[in-house]
Amino acid sequence: KAGVTQTPRYLIKTRGQQVTLSCSPISGHRSVSWYQQTPGQGLQFLFEYFSETQRNKGNFPGRFSGRQFSNSRSEMNVSTLELGDSALYLCASSLAPGGQPGELFFGEGSRLTVL
Amino acid sequence: EDQVTQSPEALRLQEGESSSLNCSYTVSGLRGLFWYRQDPGKGPEFLFTLYSAGEEKEKERLKATLTKKESFLHITAPKPEDSATYLCAVQAPGEGSGAGSYQLTFGKGTKLSVIP
């Protein structure tokens, strides 16, 4: 059974540019979450999607956005990149339906470097 | 605001030397407490879910326990392959719109090194 696939794995951008990251969840998983991981702040929740609807959003500026498609694949976009956006962006999928605790299956992440 | 604090930040053990990692939390309406393991360059890997105080889960050399304020990850006779960062996370009802929305709040982790 294929795991969570994230692309690209590594990318370098310059300040002011925008970036789009992609995530394909495990087959049958309908919930997709995104997290930002940095050495100083650890893992921080960005947003969660279920059946193409954003159900929850973390404390990040509006430059961070996402969406989910009908096949459960998800993308996140960061516009007007800042140096502080350099991080490992992790996508996780879950089998849990709404309201039920569930374990998350993480991808290997997309490492973004902003110069 | 939900908070998760893990201690120690780093721990070095000799192979076979048992120890415990701590995760203290403050959350309203805990729906679950999770332990994950993260190897360098990889995404976190799920280990355990605990739902209520008094619950315990075991897997090989790892045992997780839960009280109303904290969780412990006990490592018995660790081996070098247990070296990793161990992350604790809590799950509570999210503040976003939509019934059933939820999010995980993670601690910053404990980096465990097991020396042969």
Among A:19, A:50, A:90, the residue whose Cα sits farthest towards the positive end of the charge dipole of chain A, when +1 is placed on the Cβ of each Lys and Arg and -1 on the Cβ of each Asp and Glu, is A:19
Counting only residues 5 or more apart in sequence or on a different chain, those whose built amide H sits under 5 Å from that of residue A:47 are A:34, A:58
Rounded to 0.05, the calculated FRET efficiency for the beta carbons of residue B:12 and residue A:86 at R₀ = 30 Å is 0.55
Here, residue A:13 and residue B:81, labelled 7 Å along Cα→Cβ, have an inter-label distance in nm of 3.9 nm
Expected sort for A:74-84, A:60-70 on mean C-beta neighbours within 10 Å, highest first, is A:74-84, A:60-70
About its Cα centre, chain B carries a charge dipole, from +1 on Lys and Arg Cβ atoms and -1 on Asp and Glu Cβ atoms, whose size in debye to the nearest 20 is 20 debye
Result for interface chain B to chain A, accessible surface buried in total, 1.4 Å probe, Å² to 100, stands at 2000 Å²
For the protein assembly as shown, dividing by residue count, accessible area per residue (probe 1.4 Å) in Å² works out to 48 Å²
Rounded to the angstrom and largest first, Cα extents along the principal axes for the protein assembly as shown equal 49, 39, 36
Residues other than residue B:46 with Cβ under 9 Å of its Cβ, Lys/Arg counted +1 and Asp/Glu -1, net out at -1
Using alpha-carbon coordinates alone, the radius of gyration and Dmax of chain B in Å work out to 14.4, 50
extent check for chain A: Cα max minus min per principal axis, descending, whole Å, gives 39, 28, 27
So, with points 7 Å from each Cα along the Cβ direction, the residue B:58-residue B:22 label distance in nm works out to 2.5 nm
Residue-ordered couplings for segment B:107-116, obtained by feeding phi - 60° into the Karplus form 6.51 cos²θ - 1.76 cosθ + 1.60 and rounding to whole Hz (Gly and Pro as x), are x, 7, x, 10, 8, 9, 10, 10, 8, x
Sorted by chain and number, the residues with a modelled amide H under 5 Å from that of residue A:13, at a separation of 5 or more or across chains, are A:113, A:114, A:115
Per-residue average of other protein chain Cβ atoms inside 10 Å, peptide B:34-44 -> 4
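The values are calculated or read from the model by the stated rules, or taken from the named source; none is laboratory data. Please read all numbers here as calculations on a predicted model, not as lab measurements. Cβ coordinates were reconstructed from backbone atoms using ideal geometry, including for glycine residues, and neighbour counts include every protein chain displayed. What goes into the accessible areas is simple: the full protein's heavy atoms, side chains included, and nothing from ligands, DNA or RNA. Shrake-Rupley method; radii C 1.70, N 1.55, O 1.52, S 1.80 Å.
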